[in-house]
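Inspection log for the structure reproduced underneath, given as structure tokens.
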Amino acid sequence: MSWGTELWDQFDNLEKHTQWGIDVLEKFIKFVKERTEIELSYAKQLRNLSKKYQPKKNSKEEEEYRYTSTRAFLATLNEMNDYAGQHEVISENMTSLITGELTRYVQELKQERKSHFHDGRKAQQHIETCWKQLEASKRRFERDCKEADRAQQYFEKMDADINVTKADVEKARQQAQLRHQMAEDSKAEYSSTLQKFNSEQHDHYYTHIPNIFQKIQEMEERRIVRIGESMKTFAEVDRQVIPIIGKCLDEITKAAESIDHKNDSQLVIEAFKSGFEPPGDIDFEDFTQPMKRTVSESSLSNSRGDGKSELKFGGKSKGKLWPFIKKNKLMSLLTSPHQPPPPPPASASPSAVPNGPQSPKQQKEPLSHRFNEFMTSKPKIHCFRSLKRGLSLKLGAGPEDFSHLPPEQRRKKLQQKVDELNKDIQKEMDQRDALTKMKDVYIKNPQMGDAASVDHRLAELGQNIEKLRLEAQKFEGWLAEVEGRLPMRNEQARRQSGLYEAQNTSAVNSCAQDRESPDGSYTEEQSQETEMKVPATDFDDEFDDEEPLPTIGTCKALYTFEGQNEGTISVAEGEMLYVIEEDKGDGWTRIRRNEDEEGYVPTSYVEVYLDKNAKGLRVLGVKQAASSNSEEN
């Protein structure tokens, strides 16, 4: 079965068929290319989906991922990221093994096809030229024969005519012989041309064309085999990633099986356990007899059994049932205490005091005044998200010893702080040891460096270690107090630590005294402050889908600010950021770093440049922030 013998007369159809085969190959290449684009788009969407639900750094979501269910969800997100990577591998392999290879092959195929059909056309042109030569020789032979016949007839006529001279007859006879000789020559030439054409025609149809068509057939068969191999590779590329995808799915299943509901329940206990004892029965108070009202010794107000007087609030005694009291959330917001922003640093290292002590607690205004102030200031707030974040900012700060927390939560926070300080101490000690070794090397080999160059850094590390140790001892003392290893501290014991006196002002002491009764128990006022954090989470559910605030200008950080409170954001000195909300008179400016990072910074820490349509350029310095804070006080 050969195209050269079976299709010897189908040159044009073969040319169309081979062109169609190349078109089919190019169509398959286009199909694979679109498939790779789909795989890349799918992988990108999967990665974006995984990134969207990843916990954001330094956010509340990170704390939620200590539960086994949320950790399993995080593992699922990570596996989906790997799953997306396998689709990227599919796209890359298809591009390199199929699209790239077939594109080069198509170019080579086009060149080969062009060469074969060029040879075929050349052979056809040659046989056509031979045919034309044969036809010309044949016509010349036919013409010479006719002329020789006419010359012979003219000679015979002249020879028969008695009136014609002998010279004319001889001339006619010579002309006839000449014509006959020309006819014989034409005959010989025609015969030779005919034999040559027959030989060329035989070679053309039995040698040249079959060979050319055989090469075209082999080319077409290679194309068919190549497209089949490419389709097989198309399937193999998918099959190669199936085991890895299976591992990803197995890891998701394993993560789901690792969920421990009992462990999660225990974590909830550890997260929210207050350490208080449930209130006991309340004694019957007989008002028919003139006797002093008493409260059961087992109640929360007398849980320590020291018989001290109850805390007065608003001129009336309050029972210590604050963990169970429910207040109106809006009223809690309106009566929330106000925390002013920290003053700008005066030292060379502004980060040393980014979150300074609180100002003395302000006297609460009547509830009606607060409500009127809230209603009148409403147009200044862009959305409830602004209210939520502002309140979270003002409520996020607490005493350094975490005395505003219930005992169990306070113990956990203190233990966490002690662990962090010990890690910092170990880090500083490692640096000191490394510098000490470096100094010894410099002493032994002075050509390597100056040993005195590290003395300043060693002195700094020593001071840092001593400071961290004093800090750790302070928190360990509070931790021991909470765990019952030490007696209850008093004001005199607090002042024994010089570092504590340097870092805590009378404002913190006054706040702590407001939160504790003389016997060290917690008052109802503290419950109000604790409940003030609840509306922030409520607002989260209702307004998280809100559009982000528009940018109204830019700002440059004058000092480094480490935002440790909820609602704040850390900035570095000299950093440029976007302003999305001006200072409303509380000393805080709301800024944005990118789509996912925004929060409040003290106005005195930044230099604000508002857009022209936002009241032009405004520079907010230290003096303006200080004046606004003094007006509030």
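The values are calculated or read from the model by the stated rules, or taken from the named source; none is laboratory data. Everything numeric in this text was worked out from a predicted model, so none of it was measured. Backbone-built Cβ (ideal geometry, glycine too); neighbour counts: all protein chains shown. Quick note on the areas: whole protein, heavy atoms, side chains included, nothing else; ligands and nucleic acids left out. Shrake-Rupley method; radii C 1.70, N 1.55, O 1.52, S 1.80 Å.
Things to note:
- Modelled FRET efficiency - R0 51 Å, Asp424 with Ile38, Cβ distances, 0.05 increments: 0.50
- Ranked from largest to smallest solvent-accessible area, with a 1.4 Å probe on the protein heavy atoms, Met182, Met231 come out as Met231, Met182.
- Contact order normalised by residue count of segment 6-164, Cα under 8 Å, 6+ apart, percent: 30 percent
- Annotation: Phe402 carries an accessible surface of approximately 50 Å², with a 1.4 Å probe and no ligand, DNA or RNA atoms counted.
- Here Thr551 sits with roughly 60 square angstrom of accessible surface, probe radius 1.4 Å.
- Accessible surface ranking that places the most exposed of Ile162, Ile465 first, with a 1.4 angstrom probe: Ile162, Ile465
- On a per residue basis, segment 116-216 carries 70 Å² of accessible surface, using protein heavy atoms and a 1.4 Å probe.
- Shape annotation for segment 185-265: C-alpha extents along the principal axes are 120, 12, 8 Å, from largest to smallest.
- Met438, Met429, ranked by accessible area, largest first (probe 1.4 Å): Met438, Met429
- Near Lys187, once Lys and Arg are set to +1 and Asp and Glu to -1 for all other residues with Cβ below 11 Å from its Cβ, the sum equals -3.
- Between Thr568 and Tyr600, the built amide H atoms are under 5 Å apart, and every one of these is 5 or more places off in sequence or on another chain.
- Above-threshold pairs, the threshold being 25 Å between Cα atoms, out of Lys474/Lys556; Lys56/Lys584; Lys412/Lys474; Lys56/Lys247: Lys474/Lys556; Lys56/Lys584; Lys56/Lys247
- Within the accessible area of segment 1-76 (1.4 Å probe), percent carbon and sulfur: 55 percent
- Calculated from the alpha-carbon coordinates, segment 1-122 shows an Rg and a Dmax of 26.0, 82 Å respectively.
- At the residue level, Lys110 shows approximately 80 square angstrom of accessible surface with a 1.4 angstrom probe and all protein chains present.
- Solvent-accessible area, 1.4 Å probe, carbon plus sulfur percent, for segment 119-271: 52 percent
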